[in-house]
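Below: the structure, in structure tokens.
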Amino acid sequence: MEYIPNKIVDFLEETGNFSEFTGRFFKQAFRRPFEWKEMIHQCYIIGVQSLFLVASTGFIMGLVLTLQVRPTMVRFGASAFMPDMIGISFIREIGPVLTALICAGKIGSSIGAELGSMKVTEQIDAMEVSGTNPFKYLVVTRVWACIIMLPFLVIAADVVGLFGSYLIENMKGEVTFELYFNRVFEVLLIGDVVPATVKSFFFGLVIGIVGCYKGYNSEKGTEGVGRAANTAVVVASLLLFVVDFFAVLIADIFYVI
Amino acid sequence: MIKEESNNIKESHNEKKPLIEIKNLRKYFGSNEVLKGIDLQLFPQENVVILGKSGSGKSVLLKCLVRLMTVDEGEIIVLGKSIPDLNQEELDQIRTEVGFLFQGSALYDSMTVRENLRFPLRRHPERKLGENEEKLIKDALQSVGLEHAIDLMPAELSGGMKRRVALARTLILKPKIILYDEPTTGLDPITANEIIQLMLKIQDELNTSALIITHDMDCARVISNRMIILQDGVHYAEGTYSELSQCRDPKVKAFFKEVQSR
Ligand SMILES: Nc1ncnc2c1ncn2[C@@H]1O[C@H](COP(=O)(O)OP(=O)(O)O)[C@@H](O)[C@H]1O
Ligand SMILES: [Mg+2]
């Protein structure tokens, strides 16, 4: 055992604990009594917290991407394919990943900090002794809320991003609104939309679970709470890319275009 | 162990069954053995104060009593039930009988005072005893003198008010036993004294028994029927305040001096 550096042992231990926590979520996620009110409240908070942020980054991304790609497409005489190109890349990849990263920063850290401070100030213990299962009340509701809300936020980012792209196209290429969006919807296949949506659910799961796990296991002291929030963002962002990679890999097998 | 228990206490105890009985309780965190075999009994209408230095495992001891932590060895019997052997339902039932006042009050910061008090009732509707929920909340707040704070958020309350609201939240289920984790720590002497008087009033009105953890010698003197000193993970000395304060044992003496000088 001496030869194994402590970091690796810590990492394995952490991975084990995290898997156990995830298992605990799935075990309790469908079991009654369900805390509906708290879950709906969390959905609302997540929506309010991140909608503006997600929409504005999506919009800017739409503008920027179109500005960057357009000259190349024009050079190849392919400017008519701009809506196809932007539409597909946004719906398939940029929308979900951008939204998930923003939410990991915004929602993941706030869940981590909130549960962390509840843990440290014994509020979670207080819930436990008053007969409410804190895991159900705090973790299950928040993770479900993330899973439910992420696809909506992704759709918001997609819509606003494509609109931004349309604005540039309209200015530079005099493409009308109808033409642009007809083109986008024409080219989009079910094979683009379904995997993107399924992927978004998993992104929500990752953000919720990591935030809750870090908060729920926060160490004592204000420092511990800060670290919980911080590591929640770092770990969630990393995991998002891993999940994304596998999602793309699997989608590629099922939908050969 | 140094026993300074006077005969009259012993006699009165022999007739009653203890509400809480702990035998040879041990608790480890990894290689850190925090509690090394604690024995303790709490009898009806009694206030037992547990004294111990910071980090001596006092909070751990209280948490083991309501299974917020599991024990590694030993027996814990609360109201005749063996705590480690209960299933979740039985445990929740016992927890309604045992109120817990947490060290930092542990009010839910995202909820108003009213919602904080409603929280324990939501999973224990039987505890309302047919009464109106709003009335129960108001009565509980009234008993701690804070009716006017019902719509405030915890962040708007002072330390003493938080402690009172937390106490009201504990009382709303009408427990038989109350566990106090450092009820006066972090409060100024005047507020601390108000909390102590409130604890006495509650005991008087509701006939509760209490296990009180504290550093505060004034608190211990006023409130305790019996005191236990926890040192190095063992139950080191036991007796009434006056007995222990006159005890010749150097460690106990040092303890009184050290704690008093804070
Ligand atoms: N969850 C935990 N994990 C590991 N060690 C703990 C935990 N809780 C408490 N301890 C250890 O137990 C000891 C006693 O803690 P505690 O009961 O909080 O002390 P106090 O007497 O001040 O209330 C401390 O040394 C602390 O490090
Ligand atoms: Mg403590």
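The table below lists the values:
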| quantity | calculated |
| --- | --- |
| Condition met for residue A:115 (over 22 Å from residue B:68 (Cα atoms) and either out of contact with any strand residue (DSSP E or B) (no Cβ under 6 Å at 6 or more places or on another chain) or touching a residue at least 60 places away in the same chain (Cβ under 8 Å) (or both)) | no |
| Condition check for residue B:99: assigned to a strand (DSSP E or B), within 12 Å of chain A (Cβ to nearest Cβ) and within 30 Å of residue B:192 (Cα to Cα) | yes |
| Some residue of region A:139-146 being within 11 Å of another protein chain (Cβ to nearest Cβ) and closer than 30 Å to residue B:104 by Cα | no |
| Checklist (1) within 16 Å of ligand 2 (Cβ to nearest atom); (2) in contact with a Pro (Cβ under 6 Å, 6 or more places away or on another chain) applied to residue B:195, failing item | (1) |
| Number of the exception - residue A:136 against (1) within 11 Å of chain B (Cβ to nearest Cβ); (2) out of contact with any helix residue (DSSP H, G or I) (no Cβ under 6 Å at 6 or more places or on another chain); (3) of a type in the set (Lys, Arg) | (2) |
| Residue match in region B:158-166 (condition: within 16 Å of ligand 2 (Cβ to nearest atom) and either in a loop (DSSP other than H, G, I, E, B) or not polar (S, T, N, Q) (or both)) | yes |
| Near pairs, Cβ below 7 angstrom, 6+ apart or cross-chain, from region B:95-107 (free of Cβ contacts under 8 Å to residues at least 40 places away in the same chain) to any residue that is aromatic (Phe, Trp, Tyr) | none |
| Residue B:140 in contact (Cβ under 8 Å) with a residue 40 or more places away in the chain, hydrophobic (A, V, I, L, M, F, W, C) and within 14 Å of chain A (Cβ to nearest Cβ) | no |
| Out of A:64, A:54, sole residue that is of a type in the set (Val, Ile, Thr), touching a helix residue (DSSP H, G or I) at 6+ places or on another chain (Cβ under 6 Å) and surrounded by 11 or more Cβ atoms within 10 Å (Cβ to Cβ) | A:54 |
| Single residue of region B:46-63 satisfying the filter (near ligand 2 (Cβ under 8 Å from one of its atoms) and hydroxyl-bearing (Ser, Thr, Tyr)) that is nearest to residue B:26 (Cα to Cα) | B:59 |
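Quick note: the coordinates plus some simple rules give every number you see, no bench work behind them. Predicted, not measured: the structure shown is a model, and the values here were computed from it. So basically every Cβ, Gly included, is an ideal-geometry build from the backbone, and we count neighbours across all protein chains shown.
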